[in-house]
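Take a look at the structure below.
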Amino acid sequence: MKISMNVTSTFYGNVTNDIEVAKAVGFDGIELQNPKMDRYLAAGFTPQSVLPLLEGIEVSGFGAIQELELDAFQAEAERLAALAEIFGAPTLQMCTGPVDVNTVKDFHAGRLDPQDQRFRGCLGLSEREVIEETAKRVAIAADIAAAHGLGLFLEPLGWAPVNRVGQALQIFDIIDRDNVGLAVDFWHFWVSGDTPEDVATLDPKLIHAVHVCDGIPVPAGEIPDQAVSRNVWTGGGSIPLQEWVDAVKATGFDGWYACEIFCDKSAELGFHQVASTLRNNLAILLAG
């Protein structure tokens, strides 16, 4: 088992100090993500300039591809896969969509006008259509990732039409690609109704990453919003973290566990303080 720092741990950091912090506090790896990487590149730095910074630490994953209209989705998958290959990431992240939770909220509240240009993905489709349409994009992303020597891990978002483990497994059966897997994200799984028992039955080969994070309950009938439900310190919420970690361990998985957090208070504290505490807490959970 190896511990990685998801860059949400240093929420307002940049690519350079994120990597410096991860190395300084003893993480085995770092999970790089846009928009931080896009901001770094937009400033005029090259992807290759990241490589010296990464000396002494592994990249556990890179992401995330977001569901978009098909042409834009394919182009974004190509772009991110090329970057992931440069950085030496073993696997590329894809999120189910829409990624914008407010689009989902507006749709369910009847506020999403037909002329609204925001990507709505599979909102309003039948369950069968949701699975089939999402499978098309996952297959495209998986093939692009494979062409770059990468795996692809799907992260079902708690507010999206594809938000359950069972749906992801159906998609994997449809596309039949051997480089695809899952991000077991405790919060997304928990708010969607999946359980540690569901996780414990997974084939460990399907788990590409584990996101250890916390949250508070979402009121019945509300769309899960991570800005609200995840605005808590890891260990200060309602998710029984040890049960979830033990469920992952029960599968035989021995890969990357990443600290992930969306807490306003921790984002205003020192990078080293937050990152080292998250790392140490996760190490204790893994030893439990």
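Note on segment 108-163: dipole from Cβ charges, positive end direction compared against LEU112, GLY158, THR134; the farthest Cα belongs to LEU112. Amide H to amide H distances under 5 Å link GLU31 with MET5, ASN6, VAL7, SER60, where only residues 5 or more positions off or on other chains count and H is placed in the peptide plane. Listed values for segment 264-279 are Karplus-derived 3J(HN,Hα) couplings in whole Hz (6.51 cos²θ - 1.76 cosθ + 1.60, θ = phi - 60°), namely 4, 5, 5, 5, 9, 9, x, 4, 5, 4, 5, 5, 5, 5, 4, 4, and x replaces Gly and Pro.
Using θ = phi - 60° in the Karplus curve 6.51 cos²θ - 1.76 cosθ + 1.60, the 3J(HN,Hα) couplings for segment 135-146 round to 4, 4, 6, 5, 4, 4, 5, 5, 5, 5, 4, 4 Hz; x is entered for Gly and Pro.
Counting pairs of alpha carbon atoms under 8 Å apart in space and at least six apart in sequence, what relative contact order in percent does the chain give?
Working: 528 pairs, mean separation 60.7, N = 288.
Computed value for the chain: 21 percent relative contact order.
Tell me the trypsin sites (Lys or Arg not before Pro) within segment 51-118 that lie in a loop according to DSSP and have at most 11 other beta-carbon atoms within 10 Å. Hits after loop and neighbour filter: ARG111.
The Cα atoms of segment 184-288 cover 38, 37, 20 Å along the three principal axes, with the biggest extent listed first. Total lysine pairs in segment 2-287 at Cα distances under 18 Å, for residues eight or more apart or on different chains: 5.
The ellipsoid that matches the Cα gyration tensor of segment 53-207 has semi-axes, each √(5λ) in whole angstrom, of 25, 19, 15, with the longest given first. Placing a label point 7 Å from the Cα of TRP233 along the Cα-to-Cβ line, the residues of segment 268-288 whose backbone N sits under 19 Å from it are 268-286.
Each value in this text was obtained by applying a stated rule to the coordinates, not by laboratory testing. This is a predicted model, so every value here is computed, not measured. Quick reminder, even Gly has a Cβ in these numbers, built from the backbone with ideal geometry, and neighbours come from all protein chains shown.
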